[in-house]
Amino acid sequence: MSMRYPFGRPAAVLVLSLVLRATAGSWYISPGGSNTNNGLTETTAFADLDHVQSVVKPGDTVWVLDGEYTNLWTTYLETSGTEDKWIVYRAKNRHGALVRCTNTGHYQDGIEVTGSYIVVDGLRITTSDEGHGIEIKYSHHLKVCNCEIYQCGGSGISIWIPISVPGDTTPGARIVIRNNICFANECTVTWSTFTDGNGIILDCFGDEWARNYPHDWPDASLRGQPIPAYTHGAIVEGNICFDNGGRGIHVLNSDNVVVRFNTLYKNLRAAIRFGFGRPRRGGLWPSSVKSHH
């Protein structure tokens, strides 16, 4: 007998429990799965993250089972959660699931996140000679935690032109990059000089030059129009970044970023091997970056 409910659970508690189960689901993907399965159990798992986008809904958790997920093109996480019902993509065993993009000669990321209210937790990711491991763009309210990202041709984690939610005045950062390991990421394809290849980069939170030209903005009617500066900020903490071609953590043209308690070691390999040329344009250096190491 429960001491809290000596005469049984109240009906309202039972109803709430049933509602929560009905509105928050679990999906499974496995390298040995099939997209003709229902994805509801480990033994009936889907085959890839792309397919689960057609069924996942706010509040769901996608369990990524151990093994290698090899893709020729970028895996897109486009479905958004909501403020109180985030979507979570979580490795069943930390670093047991590897997402590998094998395309060479085309700019393809391992995972590209354009949805919001999303958590990516515990995955391993690697790409070809140009793409980022995880690229986050045109999004807000995101967490990337406990991932291992290596040997990418861009940066390990890239946050590019995030957006603010109109009317959102609650305090605190909306983007959290925490406890990831990013190593051996290096750009070997020149864009007039060797660029990127950082462990983690936060770029164009408030840079008017970049925010005036997005040609692939999800809403086609807004393409080419200015995007308001992202003002809610980000936290980058507890990450380990080493042996990257660029910087361990690079904050470029972005304000309101807190960088703290990270371990950075033997980065800037490309600067040592090739030397960095002059940037393609002038930089707008951040005025509100707090760094604690």
Would you please give the residues with an amide H less than 5 Å from that of Val259, counting only those at least 5 places away or on a separate chain, with H modeled from the backbone geometry? Val236, Lys290, Ser291, His292
16 Å Cα-Cα reach of Lys57 towards lysines, excluding residues that sit fewer than 8 places from it in its own chain: Lys85
Which order do the peptides 153-159, 180-186, 230-236, 39-45 take when ranked by the mean count of other beta-carbon atoms within 10 Å per residue, highest first? 153-159, 180-186, 230-236, 39-45
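The numbers here are math on the coordinates, done by the rules we state, and not lab data. Treat the numbers as computed from the prediction; the structure is a model and nothing was measured. Don't worry about glycine lacking a Cβ; one is built from the backbone with ideal geometry, like all the others, and counts go over all protein chains shown.
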